[in-house]
Amino acid sequence: MIEIINYQPKYARAFKELNEAWINKYFTMEDSDRKMLDDPEGYIIDKGGAIVIALMDGKPVGTCALIKMKEGIYELAKMAVSPEAQGQKIGWKIGVATVEKAKEKGANTIYLETNSVLKPAISLYYKLGFKDVDGYDSPYNRCNVQMEMNL
């Protein structure tokens, strides 16, 4: 059974480990990653953002963050699903939950950054309703795809 819940401090380690796993698999950790993953509460929650956690049989297997960029604009970031839980629509579920969180917070735009090698993730973002854009400054060297969704 998959349950999507709001972040709690006890899931800080899972948030970090789930994201480090995919970043290290495809890329290398960057300073912006470390800042966010080392302090999700200070970097995301305390600044008006949110994090959702996917639990499978009570174990954290997925996560996604919503970072407040400025009033009405949020970034969908740090979406991760553990390899053993992939193929069960967890990415879709946490994506939908994160978009709902953005609506609850009064967002009119959700932005995201990714890389073209992450084809399943990009496909998921299109299904969620994101469209290609460019022009945002990125703190990540690996970013070569930018997308946004207008709510």
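Spin-label model, residue 29 to residue 132: label points 7 Å out along the Cα-to-beta-carbon direction sit 3.3 nm apart. Full extension of the chain segment joining residue 10 with residue 103 gains 30.9 nm, where the gain is 0.36 nm per residue of separation less the Cα-Cα distance.
For the stretch 2-108, the mean projected area of the C-alpha convex hull, equal to one quarter of the hull surface, is 6.4 nm². Residue order for 1, 149, 56, fewest other beta carbons within 10 angstrom first, comes to 1, 56, 149.
The distance linking the stretch 34-74 with the stretch 80-151 is 13 Å (Cα centroid to Cα centroid, whole angstrom). Our helix-only sum for the chain, with -39,500 (n - 2.57) per DSSP H run of n ≥ 4 divided by its residues, gives a mean residue ellipticity at 222 nm of -10000 deg cm²/dmol.
Tell me, which longest segment in the chain has none of the GluC sites (Glu not before Pro) that fall in DSSP loops with at most 16 further Cβ atoms within 10 Å? Counting at most 16 other Cβ atoms within 10 Å as exposed, the longest clean stretch of the chain is 72-151. Contact order for the chain, expressed relative to its length and based on alpha carbon pairs under 8 Å spaced 6+ residues apart, stands at 20 percent.
Read the figures in this text as sums done on the coordinates, not as results from a lab. Keep in mind that what you see is a predicted model, and the values were worked out from it rather than measured. Neighbour counts are summed over all protein chains in view; Cβ atoms, including those assigned to glycine, are modelled from backbone coordinates with ideal geometry.
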